[in-house]
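Some notes on the structure that comes next.
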Amino acid sequence: MKSIVILVSGRGSNMEAIVRAAIPNLRIAAVISNRPHAQGLAFAASHGISTAVVDHTAYPDRTRFDAALAAAIDLHQPDLVVLAGFMRVLTDDFVRHYTGRLINIHPSLLPAFPGLHTHRRALEAGVRVHGATVHFVTPTLDCGPIIVQAVVPVRPDDDEARLAARVLEQEHRIYPQAVRWFVDGRVAIGADGRVAIANAHQAAAGWSVPPLEEVSG
Ligand code: GAR
């Protein structure tokens with residue numbers, strides 16, 4: 001059994017997709033928000049999941065907010081912390097505290113379009129494909145090792161809302177998938193800093209990423 005804590009700031013549809021996926025051997029220990037009125041909190045509470053708020057406006061700086069947030073998370077001793085539309089830049093100390101057990105979903109094909117307004121920027125750039133990325137979080141924003149991506153074609157008549165809706169549909173598919181892989185022990189970061197995904201058979205046999213020398217022969 002693995003346990004996760006999910007962090008949300010608003011709507012919480014990715015959190016909802018993870019809850020609805022009913023992943024075997026997964027306990028969702030808590031949903032925590034930095035905004036007291038985040039929509040996602042009501043959904044979590046109505047599904048019997050413990051909720052908490054760590055309101056960033058109550059803290060004088062990022063360091064103290066992140067320390068309070070880490071304390072709220074660590075009460076649950078989760079195996080994995082899942083950022084699901086958590087719209088706060090995290091301090092390096094916070095990120096390092098959760099090395100290898102903090103993941104995020106970003107609405108673009110990273111490393112393209114880190115940051116905000118990804119759909120508008122994709123349309124402005126004229127890219128033919130766009131999408132979403134689930135990745136481990138490292139101190140550099142939207143930059144950690146990639147676990148899974150989904151590609152969405154950009155149509156000539158797309159506007160920001162239509163494109164965002166099709167990307168979101170894919171987010172709801174790949175985020176539960178990534179969490180499932182983690183719970184099944186199929187995700188690991190290799191010595192080359194990249195993510196390897198084991199097949200179910202390898203995972204059942206207690207797989208770990210082979211050292212780099214063996215990979216390169
Ligand atoms: C999602 O599209 C997610 O990828 C994005 O915020 C939205 C949250 O929606 N996250 C980021 O932009 C993080 N850089 P949700 O609250 O309905 O899951």
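Quick look at the numbers
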item: Test: residue in the stretch 188-204 that is away from the ligand (no atom under 12 Å from the Cβ), closer than 28 Å to Arg88 by Cβ, of a type in the set (Asp, Glu) and out of contact with any strand residue (DSSP E or B) (no Cβ under 7 Å at 6 or more places or on another chain); result: no
item: Conditions (1) touching a residue at least 40 places away in the same chain (Cβ under 8 Å); (2) within 10 Å of the ligand (Cβ to nearest atom); (3) of a type outside the set (S, T, N, Q); (4) at negative phi: number failed by Pro176; result: (2)
item: When residues of the stretch 123-147 are limited to those that are within 13 Å of the ligand (Cβ to nearest atom) and not in a loop (DSSP other than H, G, I, E, B), the one farthest from the chain's Cα centre (by Cα); result: His130
item: Tabulated pairs, the stretch 150-170, first assigned to a loop (DSSP other than H, G, I, E, B), second among the small types (Gly, Ala, Ser), C-beta under 7 angstrom, 6+ apart or interchain; result: Val154/Ala122
item: Scope the stretch 149-179; condition touching a Pro at 6+ places or on another chain (Cβ under 8 Å) and aliphatic (A, V, I, L, M); matching residues; result: Ala164, Val167, Leu168
item: Strands (runs of 3 or more DSSP E) wholly inside the stretch 4-120 containing at least 1 residues that are among the hydroxyl-bearing types (Ser, Thr, Tyr) and within 11 Å of the ligand (Cβ to nearest atom); result: 26-33
item: Qualifying position, being surrounded by 13 or more Cβ atoms within 10 Å (Cβ to Cβ) and without any contact (Cβ under 8 Å) to a residue 40 or more places away in the chain, among Arg88, Arg35; result: Arg35
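To keep it simple, each residue is scored yes or no on (1) surrounded by fewer than 20 Cβ atoms within 10 Å (Cβ to Cβ); (2) in contact (Cβ under 8 Å) with a residue 12 or more places away in the chain.
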position: Phe43; (1), (2): no, yes
position: Ser46; (1), (2): yes, no
position: Ile49; (1), (2): yes, yes
position: Asp55; (1), (2): yes, yes
position: Ala58; (1), (2): yes, no
position: Ala71; (1), (2): yes, no
position: His76; (1), (2): yes, yes
position: Val81; (1), (2): no, yes
position: Ala84; (1), (2): no, yes
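FYI, it's all coordinate maths here, none of it is from the lab. This is a predicted model, so every value here is computed, not measured. Please note: Cβ atoms are built from the backbone with ideal geometry, for glycine as well, and neighbour counts cover all protein chains shown.
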